[in-house]
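Below you'll find the structure, written out as structure tokens, and then a few comments.
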Amino acid sequence: MKKAVSFFLLICIVFSFSLVSCKEKEQDLNVSSQISFYEDSSEIAKTETDGNFTFNFDPYVLPTNVKEALGTTKHYKNVVDAIINGKESVSVPTRDDYDNIRFALGENFPYAFLVSNLKYDSADNKVLISYNYKDEHSGKIDEIKKAVSEIFSECVTKTDDDALAAISIYSWLAKNIEIEGNDISKPQNTTSSGIAQSESSSIATEETEVAQAKYNFYTALVEKKASDESISALYSFLLMQLGVESKTAGCWQDGQYYSWNLVCLNSKWYHCDVSKEQKETDGTGLKYFGMNSQRLSEYITDKDIYTGQWKWFTDSIPKTKNKRFDDFKSVVSFEIGDERTSLDAFTEEYSRFTFDF
């Protein structure tokens, strides 16, 4: 009996260590970790048939800080379910709950572009939903699913290290999606719940018609056109499907809100800027992947950086002092090795080095 209890306690201890968060756990940076596919209650992020993996995605995925802000209620999931199924209303208890959900949807929900307007009905405690594509609703959803699956199939294998997957998707986005100037030029304002409101969020206002963003997940994935804001949201979303913690970051530069990504690899946080990479190297390089705060400060001068467009997340900016990818700042092209355990990088000075995962 004592042996059985001891074995049970040992199992509990091992299991508890496996749940340590990205910020808390420390790993040897030289040790590769294989892709940890995202799995949540929806159980649709990964499917396996006869040993073959099919990459789909989970529309409920949210960055950790957003999930913490929304709390443990199922209100967000209920609204997402309603939108996916094309329902015209869904119960939400309070206006504050609604405000929180609305902004989480605008930045993180891949089907936000389907919604033309959201309105909170205080009398019945319901969210009233109207749509842009009533006759094409399910077709648009299928287009997004197909596009996501194609990206994963082309960029990632099930044995990839998290960093390799992040690099491969980063490069694919910079090469294949035309990133134009952002469409945010007005200062942010806040709602009654204290969440900053983006003028171009896919879901931004309520009692009037929503001012739709020019670029969103659909334009990026299907039409291959994006802004720095929508491409960074998409990059985070794709990484989150693979269990790689990521969030958008941004600041105001010359009257424009400029956005990039924070990505957690081997328990360390780094800045990644797909838009800047496309502008500088047409997506062939890695000059703006895995940046620490010092490298970011070379072209981002504003110190007031937000994780997402909700100002109340300002204090949750993770530290980015690591230099694991510091050699990438001069990389203008690279090739991933056949075994997918290393890459050969070529610099501006025509020198070459090998980076091991």
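The values are calculated or read from the model by the stated rules, or taken from the named source; none is laboratory data. In this text, all values refer to a predicted model and were calculated from it rather than measured experimentally. Cβ: placed from backbone, ideal geometry, glycine included. Neighbour counts: every protein chain shown.
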Looking at Ser333, Ser267, Ser275, Ser351, which one is in contact (Cβ under 8 Å) with a residue 24 or more places away in the chain and over 18 Å from Ile169 (Cα atoms)? Ser267
Qualifying position, being crowded, with 20+ Cβ neighbours inside 10 Å, free of Cβ contacts under 8 Å to residues at least 40 places away in the same chain and among the hydrophobic types (A, V, I, L, M, F, W, C), among Val92, Val79: Val92
Where residues in region 73-88 are over 17 Å from Asn132 (Cβ atoms) and outside any helix (DSSP H, G or I), which of them is modelled with the highest pLDDT? Lys74
Regarding Thr47, is this residue in contact with a strand residue (DSSP E or B) (Cβ under 6 Å, 6 or more places away or on another chain) and at pLDDT below 85? yes
Please indicate, with yes or no, whether at least one residue in region 160-170 is at pLDDT 95 or above, in a loop (DSSP other than H, G, I, E, B) and surrounded by 14 or more Cβ atoms within 10 Å (Cβ to Cβ). no
Of the listed residues (Thr94, Thr64), the one being more than 22 Å from Thr219 (Cβ to Cβ), among the β-branched types (Val, Ile, Thr) and within 17 Å of the chain's Cα centre (by Cα) is Thr64
Exactly one condition in (1) surrounded by fewer than 14 Cβ atoms within 10 Å (Cβ to Cβ); (2) modelled with pLDDT of 95 or more; (3) outside any helix (DSSP H, G or I) is false for Pro187; which is it? (2)
Considering only region 268-275, I want to know if a residue exists there that is within 25 Å of Leu105 (Cβ to Cβ), polar (S, T, N, Q), at pLDDT below 95 and out of contact with any Lys or Arg (no Cβ under 8 Å at 6 or more places or on another chain). no
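Test Thr284 against the stated conditions and say whether it is in contact (Cβ under 8 Å) with a residue 60 or more places away in the chain, closer than 21 Å to Phe152 by Cα and surrounded by fewer than 22 Cβ atoms within 10 Å (Cβ to Cβ).
Details: in contact (Cβ under 8 Å) with a residue 60 or more places away in the chain: yes; closer than 21 Å to Phe152 by Cα: yes; surrounded by fewer than 22 Cβ atoms within 10 Å (Cβ to Cβ): yes.
Judged against the criteria, Thr284 is a match.
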Quick check: is even one residue across region 131-138 free of Cβ contacts under 8 Å to residues at least 12 places away in the same chain and assigned to a loop (DSSP other than H, G, I, E, B)? yes
